[in-house]
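Novice: Structure provided below as structure tokens; questions to follow.
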Amino acid sequence: MTQRMSVFITGAAKGIGAEMARLFSSKGWIVGITDINQNDLAALRSELGQQHFYRQLDVTVSEQVESALAEFAAMSGGAIDVVVNNAGIAFIDDFEKLSLQKHLAVTEVNVKGVQIGSYHALPYLKKSKRAALVNMCSLSSEYGVPSEASYSASKFWVKGFTEALNIEWERHGIYVCGVMPNFVATPMMDAAHGPIVDSVGIRLTPADVAKTVWRAVQRQGKVHWEVDTWRPILMRSISKLLPATLRRTMIKRVSGY
């Protein structure tokens, strides 16, 4: 009997992660669905069924991530075909108006979580014949975004980390890429509104991002996969051609500063 393909997703109980879980499940994959919220996990389990792997997981705790990956690999035949570092948090406001605790939490989840997940995933990805590591990045990694200083910086880190591993892990036969969406209509964004969100708008759905992750895994081509509507794509393409001072002015105005 042919072994089912497997995907392990962090932050998978709601929003983008849940849409990825639904999509991969619909394609016949066995899905490792992990999240820190036990109630959301239970709700998704009731929807997708018992054939998948569910685990409450704090991505900032190395031992939890290591254990969950090992359990899932045992369930999926020893190898894991795709790991998606999706878990992330964001807060939008003036830097000094957010507590230091919130800034550090963003760094812990968005940076440390990706680092830990990637490290512990490697042995299982190396056992797959067509492995992929997908890191959830953001278009805020293109230029430091006011009101999102810590979040934007965390995604700069993810972008650089992804570029480095894309080269390093090629020798292991592992494809590494980052998916870079604009603002997405998720529960996280419900509590993260500000002038820049109102200016740019929220025009993407979790399904838009999930479909891009699926394409990235199937095609295994470019390093960065942008997810956006045509107008912002055009505006960013033009802004990249502008002198640095004008580009800074554009970011300043869009973000309400």
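Novice: Multiplying the sequence separation of Arg203 and Lys27 by 0.36 nm and subtracting their Cα-Cα distance, what value in nm do you get? Could the numbers behind the result be given before it?
Specialist: Working: separation 176, 0.36 × 176 = 63.36 nm, distance 2.58 nm.
Separation in residues times 0.36 nm, less the Cα-Cα distance, equals 60.8 nm.
Novice: What full-extension length gain, to one decimal in nm, is calculated for Ala164 and Tyr119 as 0.36 nm per residue of separation minus the Cα-Cα distance?
Specialist: Working: separation 45, 0.36 × 45 = 16.20 nm, distance 1.35 nm.
Extra length available between Ala164 and Tyr119 comes to 14.9 nm.
Novice: If each DSSP helix of 4+ residues adds -39,500 (n - 2.57) and the sum is divided by the residues in the chain, what number results at 222 nm, nearest 500 deg cm²/dmol? Let's see the in-between values first.
Specialist: Details: 11 runs with 123 residues, N = 257.
Calculated at 222 nm, the ellipticity per residue is -14500 deg cm²/dmol.
Novice: Give the separation of the Cα centroids, region 119-194 to region 210-233, in Å.
Specialist: 12 Å
Novice: Rounded to a whole number of µm²/s, how large is the Stokes-Einstein D of region 1-77 at 20 °C and 1.002 mPa s, given Rh as the Kirkwood radius over C-alpha pairs?
Specialist: Values: Rh = 12.3 Å.
So the translational diffusion coefficient is about 174 µm²/s.
Novice: Determine, from the Cβ-Cβ distance of Ser46 and Glu66 and an R0 of 25 Å, the FRET efficiency 1/(1 + (r/R0)^6), rounded to the nearest 0.05. Walk me through the intermediate numbers first.
Specialist: Details: r = 28 Å, r/R0 = 1.11.
Efficiency, rounded to the nearest 0.05: 0.35.
Novice: Among the aspartates and glutamates, which have Cα under 15 Å from the Cα of Lys155 when same-chain residues fewer than 8 positions away are ignored?
Specialist: Glu108, Glu142, Glu163, Glu226
Novice: What is the calculated FRET efficiency for Arg4 to Lys222, with r their C-beta to C-beta distance and R₀ = 35 Å, to the nearest 0.05? Working shown, then result.
Specialist: Details: r = 27 Å, r/R0 = 0.77.
Calculated value: 0.85.
Novice: Using the Karplus curve 6.51 cos²θ - 1.76 cosθ + 1.60 with θ = phi - 60°, work out ³J(HN,Hα) for each residue of region 47-52 in order, rounded to whole Hz, and write x for Gly and Pro.
Specialist: 7, 8, x, 7, 6, 9
Novice: Provide Rg over Rh for region 70-202; use the alpha carbon set for both Rg and the Kirkwood Rh (inverse mean inverse pair distance).
Specialist: Values: Rg = 16.2 Å, Rh = 15.8 Å.
Taking Rg over the Kirkwood Rh, I get 1.03.
Novice: My understanding is that a pair violates if its Cα-Cα distance is over 22 Å; which of Lys127/Lys211; Lys159/Lys240; Lys14/Lys126 do that in this structure? Mind showing how you got there, number by number?
Specialist: Numbers: Lys127/Lys211 25 Å; Lys159/Lys240 17 Å; Lys14/Lys126 29 Å.
In this structure, Lys127/Lys211; Lys14/Lys126 exceed 22 Å between Cα atoms.
Novice: May I ask you to compute the full-extension gain from Ala105 to Met235, defined as 0.36 nm times their residue separation minus their alpha-carbon distance, rounded to one decimal in nm?
Specialist: Working: separation 130, 0.36 × 130 = 46.80 nm, distance 3.16 nm.
My answer for the length gained is 43.6 nm.
Novice: Right, next: Modelling each spin label as a point 7 Å along the Cα-to-Cβ direction, I'd like the Ala244/Asn39 distance in nm, to one decimal.
Specialist: 4.8 nm
Novice: Continuing with the same structure: Output the relative contact order of the chain, whole-number percent, from Cα pairs under 8 angstrom with separation of 6+ residues.
Specialist: Reported as a whole number, the value is 18 percent.
Novice: How long are the semi-axes of the equivalent ellipsoid of region 128-171, taking √(5λ) for every eigenvalue λ of the Cα gyration tensor, in whole Å from largest down? Present the calculation step by step, with values, prior to reporting the outcome.
Specialist: Numbers: eigenvalues 135, 18, 8 Å².
Over the Cα atoms of region 128-171, the semi-axes work out to 26, 9, 6 Å.
Novice: Can you work out ³J(HN,Hα) from phi for every residue in region 168-178, in order, using Karplus 6.51 cos²θ - 1.76 cosθ + 1.60 and θ = phi - 60°, giving whole Hz and x for Gly and Pro?
Specialist: 4, 7, 4, 5, 8, x, 10, 8, 10, 8, x
Novice: According to the Kirkwood expression over distinct Cα-Cα pairs, how big is the hydrodynamic radius of region 1-131, in Å?
Specialist: Roughly 15.1 Å, rounded to one decimal.
Novice: While we're looking at this one, here's another question. Cα-Cα pairs above 24 Å in the chain: how many percent? Can you show the working numbers first?
Specialist: Details: 14847 of 32896 pairs.
So the pairs more than 24 Å apart make up 45 percent of the total in the chain.
Novice: Further question: Amide H to amide H under 5 Å from Tyr54: which residues, 5+ apart in sequence or cross-chain, H placed 1.01 Å off N in plane?
Specialist: Ile33
Values quoted throughout were computed directly from the atomic coordinates according to the rules given, and no laboratory measurement underlies them. These numbers were taken from a predicted model, which means no experiment stands behind them. When we count neighbours, we look across all protein chains shown, and the Cβ atoms used for this are built from the backbone with ideal geometry, even at glycine.
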